[in-house]
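All remarks here apply to the structure that follows.
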Amino acid sequence: MVIEIRRVSKRFGDFVAVDEADFGIRRGEFFSMLGPSGCGKTTTLRMIAGFEQPSSGEVRLDGQDVSRVPPYKRHVNTVFQQYALFPHMSVFDNVAFGPRSTKVPKGEIAERVRTMLEVVRLADFANRKPTQLSGGQQQRVALARALVNYPSALLLDEPLGALDLKLRQTMQLELKRIQREVGITFVFVTHDQEEALTMSDRIAVMNEGRVEQIGSPEEIYHRPATVFVAGFIGVANLIPTRVGDLGSGRATVEASGHRFSVPLTDASLTTGDPAVVMVRPERLHLGLAEPGGDHAAVATTITDLVFQGPVLRCALRTDAGTELVAHIGPEDDLPMLRPGDRLWASWDHDAACLLRAAPTPDRKSTRLNSSH
Ligand code: ATP
């Protein structure tokens, strides 16, 4: 592990911004911290950089406890949304600034800067000033400048936030390519789930100061650990139920008057617990007849249909009043549909997962009150 966050909490007065974060970041991986505004991801990044100190716990870098080490003595570099290039200096001099101040031999500096400008594909722009570059090019200069000293990790705080959507998407792929090419650990903070899915080897999803799940994009998307993660990453159909009989890694549940089985990935769930069945819209199949065999199914009524180009987005309501969303593609053999039509929504038993029901706000506040 290049970075270890050991039971780290950060309090500002009474407010807990980061609550017992405990995870490691592997050497050479693209690691993202993802979550809504205020969830504590920037504070966590700032503790890795050294701009904040943990209230408790330990930050380790390359096996050393650096919790009390100032930022400039840590072998990490940070790229912010505002890249703050030196406007009076050329691209070359901006990138050479770091190595010059660490007294790297002159010949080696020129070599390193040229290599890094090639990595970010700006070799032909070395003599330009930052004002003569586009936003994306300036961002790449900032990256080259941060990477030229080969830090143990590069920390990036919403670095694409200032770019327009098209450029942002291009830069996402570009960043990933650069990270692979230099092999340096990237720790990337974003509130954009698509951005995190596109670029990361692993993602930490944060909510209200807590890390809710860490996993690969596929794990987080297909096997979310909590209702929050399921809803934050993509669209999630959530069908309320209670855990029924358990056996061989599965649970039997009853929802909207139908019984079916769901893989049990959360080992803490026991019979009788309130839960939700989570199915992604693209895993729902719609049909006129009740499917049999290894499919779970609920009866629904169409409430809305929206043309979205490649798919038709179909909003449905189960007989128990749960709203669902499904995608209808060209391969679905269905007649002309209208709101009010009855359809069976079904899914492969293994396409769903069972999550603990999120506490309602009322319950949450009672729990908080009762702990005082
Ligand atoms: P955003 O995407 O909006 O930047 P974030 O997830 O990065 O959000 P943080 O910047 O880590 O969130 O902030 C987490 C919480 O801690 C917020 O509620 C914020 O108001 C609070 N906070 C951050 N820094 C301070 C500070 N210096 N003093 C008091 N509260 C702070």
(request) Report the full-extension gain for the segment residue 121 to residue 303: residue separation times 0.36 nm, less the Cα-Cα distance, to one decimal in nm. (result) 60.5 nm
(message) I need the Debye-formula profile for the chain: one equal scatterer per C-alpha, no solvent, reported as log10 I(q)/I(0) at q = 0.12 1/Å, two decimals.
(response) -0.98
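Below 13 angstrom from the Cβ of residue 7, what's the summed charge of the other residues (Lys, Arg +1; Asp, Glu -1)?
Once all neighbours under 13 Å are counted, the net charge is -2.
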(request) Measure nothing but the geometry: give the 0 to 90° angle between the long axis through the Cα atoms of 361-370 and the longest principal axis through the Cα atoms of the chain, rounded to 10°. (result) 70 degrees
(message) Solvent-accessible area of residue 42, probe 1.4 Å, all protein chains present, reported in Å² to the nearest ten, please.
(response) 50 Å²
(message) Please list, by residue number, everything in region 313-329 whose backbone N is under 18 Å from a paramagnetic label point 7 Å out along Cα→Cβ of residue 282.
(response) 313-315, 325-329
(request) Give the cross-link partners of residue 129 among the lysines, using a straight C-alpha distance below 22 Å as the criterion and excluding same-chain residues fewer than 8 apart. (result) 106
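Solvent-accessible area per residue for region 188-338 at a 1.4 Å probe radius, Å²? Don't jump to the answer; show the numbers that get you there.
Working: 7070 Å² over 151 residues.
I get 47 Å² per residue for region 188-338.
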(request) Run the accessible area of the chain with a 1.4 Å probe and give the carbon-and-sulfur part as a rounded percent. (result) 50 percent
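So how much slack lies between residue 194 and residue 93, counting 0.36 nm per residue of separation and subtracting their Cα-Cα distance, in nm? Present the calculation step by step, with values, prior to reporting the outcome.
On the way: separation 101, 0.36 × 101 = 36.36 nm, distance 3.46 nm.
Gain on extension, residue 194 to residue 93, equals 32.9 nm.
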(request) Grab the beta carbon distance between residue 334 and residue 169, set R0 = 25 Å, and tell me the FRET efficiency rounded to 0.05. (result) 0.15
(request) Report ³J(HN,Hα) in whole Hz for each residue of region 124-137, in order, from the Karplus equation J = 6.51 cos²θ - 1.76 cosθ + 1.60 where θ = phi - 60°; Gly and Pro get x. (result) 7, 10, 4, 8, 6, 8, x, 5, 8, 10, 6, x, x, 5
(message) Can you compute the modelled spin-label distance between residue 111 and residue 51, with each label point 7 Å from Cα toward Cβ, in nm?
(response) 3.4 nm
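The values are calculated or read from the model by the stated rules, or taken from the named source; none is laboratory data. Since this is a predicted model, take the numbers as computed values, not measurements. FYI the Cβ positions are ideal-geometry reconstructions off the backbone, even for glycines, and counts take in every protein chain you see. Remember, those area values only see protein heavy atoms, side chains included, never the ligands or the DNA or RNA. Shrake-Rupley method; radii C 1.70, N 1.55, O 1.52, S 1.80 Å.
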